[in-house]
1. May I ask you to list the residues in region 45-76 that are part of a helix (DSSP H, G or I), within 14 Å of W111 (Cα to Cα) and in contact with a Phe, Trp or Tyr (Cβ under 6 Å, 6 or more places away or on another chain)?
2. Taking the condition farther than 25 Å from G127 by Cα, among the hydroxyl-bearing types (S, T, Y) and buried (at least 16 other Cβ atoms within 10 Å of the Cβ), does Y77 pass?
3. Of the residues I121, I147, which is surrounded by 17 or more Cβ atoms within 10 Å (Cβ to Cβ) and either among the β-branched types (V, I, T) or within 13 Å of the chain's Cα centre (by Cα) (or both)?
4. Only residues that are in contact (Cβ under 8 Å) with a residue 12 or more places away in the chain and not in a helix (DSSP H, G or I): list them for region 107-144, please.
5. Output yes when any residue across region 156-172 is under 20 Å from A88 (Cα atoms), surrounded by 12 or more Cβ atoms within 10 Å (Cβ to Cβ) and among the aliphatic types (A, V, I, L, M), and no when none is.
6. Can you tell me which residue is modelled with the highest pLDDT among those in region 24-44 that are part of a loop (DSSP other than H, G, I, E, B) and surrounded by 14 or more Cβ atoms within 10 Å (Cβ to Cβ)?
Amino acid sequence: MKEIQTRSHFGVTKAERQKIELEESLESLSHYLDNWVKIPVVGWRFGLDAVIGLIPNVGDMATSLASFYILVAGVRYGVPKITLLRMAFNIGLDYVVGSIPFIGDAFDFVWKSNKQNVDLIRERATGKNVGTTSDYLFVGLIIFGLIALLIGSILVSLYILSLFFREIWNLPNF
């Protein structure tokens with residue numbers, strides 16, 4: 001049993017991972033996007049992600065682009081690829097569900113993808129500036145897929161709006 005306890009996780013012991021300090025910019029970005037405002041009495045917190053996300057598509061796209069910075073930081077800190085994939089899933093879920101009117105706005109107040117991603121970096125980091133070229137290519141591919149998702153959802157929204165307005169203009173005058 002003692003052998004299991006001393007075994008390192010991703011080549012770095014837990015004590016070494018806890019010594020790795022994250023950049024202040026990551027902590028600040030996560031705080032502003034997810035926990036910037038505290039509602040007195042109930043203690044709920046929300047950030048710019050929830051506020052900017054109220055603007056359909058544009059707000060969710062803007063906050064997703066800011067979240068990509070945290071994803072790329074995961075590579076700089078040597079986070080394993082499976083964790084990078086989990087971080088990308090958090091960003092994608094935040095964007096997709098956040099794009100749904102009303103439901104997505106409520107979801108943005110609860111789902112803290114940026115805080116989760118910074119916590120994943122803190123938990124899984126193996127060191128600063130240890131990312132390899134393949135890690136950066138992997139994240140680049142993930143970001144390309146997420147941007148394709150963003151563009152695809154905007155195109156679908158524009159198509160639905162065009163159908164809506166086409167129907168409005170064809171209404172008879174009363």
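1. Of everything in region 45-76, those that are part of a helix (DSSP H, G or I), within 14 Å of W111 (Cα to Cα) and in contact with a Phe, Trp or Tyr (Cβ under 6 Å, 6 or more places away or on another chain) turn out to be L48, A50, D60, S64.
2. Taking the combined requirement at face value, the residue does not satisfy it.
3. Sole residue among the options that is surrounded by 17 or more Cβ atoms within 10 Å (Cβ to Cβ) and either among the β-branched types (V, I, T) or within 13 Å of the chain's Cα centre (by Cα) (or both): I121.
4. Listed by number, the residues that qualify are W111, K112, A125, T126, G127, K128, N129, V130, G131.
5. So in region 156-172, the residues under 20 Å from A88 (Cα atoms) come out as none.
So far as region 156-172 goes, no, none of its residues is under 20 Å from A88 (Cα atoms), surrounded by 12 or more Cβ atoms within 10 Å (Cβ to Cβ) and among the aliphatic types (A, V, I, L, M).
6. W36
The values are calculated or read from the model by the stated rules, or taken from the named source; none is laboratory data. Remember, it's a predicted structure, so these values are computed and weren't measured experimentally. Heads up, the Cβs are rebuilt from the backbone with ideal geometry, glycines too, and the neighbour counts pull from every protein chain shown.
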